[in-house]
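No lab work stands behind these numbers, since they all come straight from the coordinates. Nothing here was measured: the structure is a model prediction, and the numbers come from that model. No Cβ is skipped: glycine too gets one built from the backbone with ideal geometry, and neighbour counts run over all protein chains shown.
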């Protein structure tokens with residue numbers, strides 16, 4: 001078990017800088033999720049930690065050892081790829097044991113380790129199959145098995161669940177969380193899905209445009225987003241965010257209020273507007289309305305609420321739930 | 001009415017096409033099984049006697065079993081040059097596809113020149129003489145490799161583009177050395193295009209006439225195509241044996257074609273599409 | 001913080017993978033090509049080369065039969081390329097339509113591509129015999145006096161070009177079939193709803209969309225035509241006289257005669273010819289593709 005430390009890590013392709021100085025301290029045994037929109041540099045950063053992309057400048061240590069320029073196989077990491085990257089011409093057993101066989105380990109030792117890893121992932125009956133003959137979830141587990149058998153200090157996951165359907169994704173989320181608890185290893189997990197980030201992470205790193213926006217526990221980020229970007233990225237449905245004159249009227253550059261932090265009433269409140277649309281999700285209902293001179297607003301209320309499109313509705317923010325930022329909203333800008 | 005006319009037109013053009021493309025082969029076969037005097041009439045009459053075996057023996061025995069030697073030589077050249085070609089062009093195509101370097105532009109131009117330009121024959125002969133490879137099988141093999149590298153590289157490069165790079169990354173993390181990534185992970189996945197390469201290049205090299213004519217003269221080095229060419233002047237009065245020889249030369253590609261139709265088609269059309 | 005030194009990590013794609021191929025290709029193809037420019041300016045017997053300036057080229061362009069070879073090369077290349085393109089496309093359209101025995105016919109049309117050129121050449125030489133050849137015998141049967149396909153100097157080159165078409169059209173057909181298969185049937189259905197006739201569909205949809213395949217066929221067959229040697233050599237050896245000589249056969253004849261410098265000059269002329277034709281053509285084709 002060892003931590004990972006990034007000091008002013010940068011990467012550029014020619015004049016184009018895509019990772020713009022990342023400082024990050026990942027503690028031993030932590031489950032860290034890199035999250036951000038596509039193109040924010042999260043996968044590149046992960047691949048730099050893996051050694052698959054060169055670091056342009058900065059310092060990267062794993063377990064206290066400088067590995068900035070070390071070979072990928074010398075870093076004590078294992079990686080699960082988005083595409084799984086299983087060797088199509090090898091059986092499951094050969095896939096899992098490939099690294100050991102390259103290292104010239106004795107056959108018996110390889111077989112034993114492969115069997116052990118396979119057993120822990122319920123893959124034993126599939127050991128002689130080729131990847132082509134496996135389902136998505138099984139391939140995913142083989143990829144994890146290949147990582148486990150290396151006995152790494154740090155596991156790297158690159159959007160590992162994005163090729164699975166929704167129900168399988170929920171199941172694999174649990175399995176990976178279990179794996180983390182069982183092995184206690186450090187894990188770094190990249191995703192664009194904020195639900196995965198919220199449910200799995202000890203610590204979330206929100207990346208945007210090659211920079212860290214905020215680092216914190218899931219509930220920290222939810223309750224105290226440091227920037228309008230984080231505020232808009234974490235939480236579903238998205239926080240209502242206003243800038244310009246509307247925000248200045250409330251004494252800030254950017255103002256945000258979560259749909260679930262609005263209290264609706266058909267009689268009175270701070271803002272009023274005509275309901276355009278009501279989405280009924282069962283337990284909850286989302287009420288969309290437009291506040292004249294302010295903007296579009298969404299509120300979450302109970303599923304049985306009687307609001308109908310065309311009616312006028314009043315909304316009031318709950319005490320202490322308002323977010324005020326001194327930076328302009330990057331989306332609106 | 002409007003439906004039957006295309007059918008009739010189509011049917012007729014098909015029949016014509018079929019006749020045009022089949023008749024010459026039928027002609028070859030027919031002359032090859034006739035007696036000497038019947039074959040000299042060069043017509044489509046069926047033979048009175050089917051002399052398939054006799055003519056076969058006569059051709060094989062001619063000039064002290066020269067044809068057998070020719071088959072041996074041609075096979076040897078084909079096997080060695082195709083083996084070297086496959087390995088070397090796969091390596092080049094792999095690095096060209098995977099790595100950006102200033103050498104890529106050079107390699108690309110070299111491939112293009114190789115596809116387009118004819119070799120400078122006499123200077124090549126001069127060069128082969130000076131390094132002692134003129135009129136040798138080794139020289140011939142290396143020439144075939146040099147001349148066919150471009151096409152094979154083109155085939156490999158475009159196919160390697162379809163192999164996910166994540167596999168290289170996974171192997172790298174698994175601790176594979178560069179040559180292990182290539183030979184243990186990538187090369188096995190190139191099997192379809194390797195088969196295509198082997199089949200297409202084997203046929204091309206086996207059928208090659210011009211290069212052995214220039215670089216491999218001499219009786220002890222005859223190749224199949226050269227033998228056939230020489231038989232042409234020798235057998236002006238023995239058309240049955242000449243056509244038996246043609247028949248024998250036609251059979252190897254036919255067999256390959258029957259078994260590897262799909263790969264040949266893939267290779268020919270892929271090679272056609274500009275890389 | 002500044003690191004003292006940034007060790008360059010080795011790429012997993014080593015450049016030495018180029019090396020073995022580069023050596024063979026460089027020594028046996030590029031070096032002779034480069035030196036040919038020098039030898040073409042010499043009188044050469046493989047041992048000693050005496051510099052004679054542009055004498056070889058002067059001779060090449062002043063001997064009528066050598067000039068004839070140059071013109072024949074152009075005629076042959078343009079003719080075979082044009083015919084292969086037209087017939088290849090027609091056959092491809094025919095062989096992608098709904099026909100019985102389609103697969104068999106594709107096979108039959110393609111097979112000659114794989115057969116020994118020498119074998120084909122000899123077979124057609126025999127079939128084109130002016131009196132006994134089956135082509136003229138067949139023509140006679142329907143009352144036509146067949147020409148001396150390979151013995152008439154005005155006809156020999158064209159006869160060989162026809163055999164080249166017969167042998168090579170299968171490859172053009174194959175490339176066109178692949179090109180046609182890449183056109184989505186949606187276009188045809190959409191245009192049918194727009195009221196297009198079969199002919200309009202061919203001209204307005206098939207032709208423009210099959211253009212990449214057309215470029216490939218024209219390029220490949222032009223290069224092949226300009227370099228063509230073995231079929232001509234097997235059928236006419238450039239004769240009768242020099243009527244079917246092309247640059248490649250001139251190169252061989254001058255080599256046989258021991259005029260190595262002149263032969264190499266022919267080679268350089270062939271490089272020039274191919275470059276002058278193919279480079280602008282490729283640029284033009286690429287531009288058109290970009291515009292689309």
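Sorted by average packing, counted as other Cβ atoms within 10 angstrom per residue and highest first, what order do C:269-277, A:239-247 take?
Working: C:269-277: 16.4, A:239-247: 19.7.
Highest-to-lowest ranking by the protection proxy: A:239-247, C:269-277.
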Checklist entry - Averaged over peptide B:28-37, how many Cβ atoms belonging to another chain are found within 10 Å of each residue's Cβ? => result 1
Checklist outcome for this item: Between the modelled labels at residue A:8 and residue C:52 (7 Å from Cα along Cα→Cβ) the distance in nm is 7.2
Checklist entry - Hey, in the GNM for chain C with a 10 angstrom Cα cutoff, which one of C:20, C:240, C:153 fluctuates hardest? => result C:20
Checklist entry - Angle between the Cα long axis of helix A:107-120 and the longest principal axis of chain A, 0 to 90 degrees, nearest 10? => result 30
Checklist entry - For the range B:1-158, treating each Cα as an identical point scatterer without solvent, what Debye log10 I(q)/I(0) comes out at q = 0.13, 0.17 1/Å? => result -0.91, -1.01
Checklist entry - By count of other Cβ within 10 Å, fewest leading, how are A:220, B:168, A:8 ordered? => result A:8, A:220, B:168
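Rounded to the nearest 0.05, what FRET efficiency do residue C:107 and residue C:10 have when you use their Cβ-Cβ distance and R0 = 41 Å? Numbers along the way, then the final one.
Numbers: r = 49 Å, r/R0 = 1.20.
E between residue C:107 and residue C:10, to the nearest 0.05, is 0.25.
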Checklist outcome for this item: Restricting to Cα pairs under 8 Å and 6 or more apart, the percent relative contact order of chain B works out to 31
Checklist entry - Which ordering of B:48, A:27, A:113 is given by a fewest-first count of other beta-carbon atoms within 10 Å? => result B:48, A:27, A:113
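What FRET efficiency, computed as 1/(1 + (r/R0)^6) with R0 = 45 Å and r the Cβ-Cβ distance, is obtained for residue A:223 and residue B:113, rounded to the nearest 0.05?
Details: r = 66 Å, r/R0 = 1.46.
The computed FRET efficiency comes out at 0.10.
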Checklist entry - Separation between the residue B:261 and residue C:43 pseudo-spin-labels, each 7 Å from Cα along Cα→Cβ, expressed in nm? => result 6.0
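Considering every pair of different Cα atoms, what Kirkwood radius, in Å, is found for the protein assembly as shown? Show your work: numbers first, answer last.
Values: mean 1/r = 0.0301 Å⁻¹.
Taking the inverse mean of 1/r over all distinct Cα pairs, the protein assembly as shown comes out at 33.2 Å.
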Checklist outcome for this item: Asserting the computed 222 nm helical MRE of the protein assembly as shown (DSSP H runs at least 4 long, -39500 (n - 2.57) per run, divided by residue count, to nearest 500) equals -17500 deg cm²/dmol
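Given an 8 Å cut-off on Cα distances and at least 6 residues of separation, report the relative contact order of chain C as a percent.
Values: 324 pairs, mean separation 83.8, N = 292.
Here the relative contact order equals 29 percent.
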Checklist entry - Just the Cα atoms of chain C: what Rg and Dmax do they give in Å? => result 24.6, 97
Checklist outcome for this item: Checked the range B:67-274 against the a/c 1.5 cut and the a/b vs b/c comparison, axes a ≥ b ≥ c from its Cα gyration tensor; verdict prolate
Item to check | Separation of the residue A:178 and residue B:251 label points, Cα + 7 Å toward Cβ, nm | outcome: 6.4
Checklist entry - Given the options A:84, A:189, A:288, which has the most mean-square fluctuation in a GNM of chain A, springs set between C-alpha atoms less than 10 angstrom apart? => result A:288
Checklist entry - Which part of the range A:62-104 falls in the paramagnetic zone of residue A:193, meaning amide N under 14 Å from the point 7 Å along Cα-to-beta-carbon? => result A:82-83
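With the convex hull built on the Cα atoms of chain A, state its orientation-averaged projected area in nm².
Its average projected convex-hull area is 19.9 nm².
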Next on the checklist: If I build a Gaussian network model for chain A, linking alpha-carbon pairs within less than 10 angstrom, which residue out of A:29, A:104, A:58 has the largest mean-square fluctuation?
Outcome noted: A:104
Checklist entry - Of C:17, B:183, how do they rank once you tally other Cβ atoms within 10 Å and put the fewest first? => result B:183, C:17
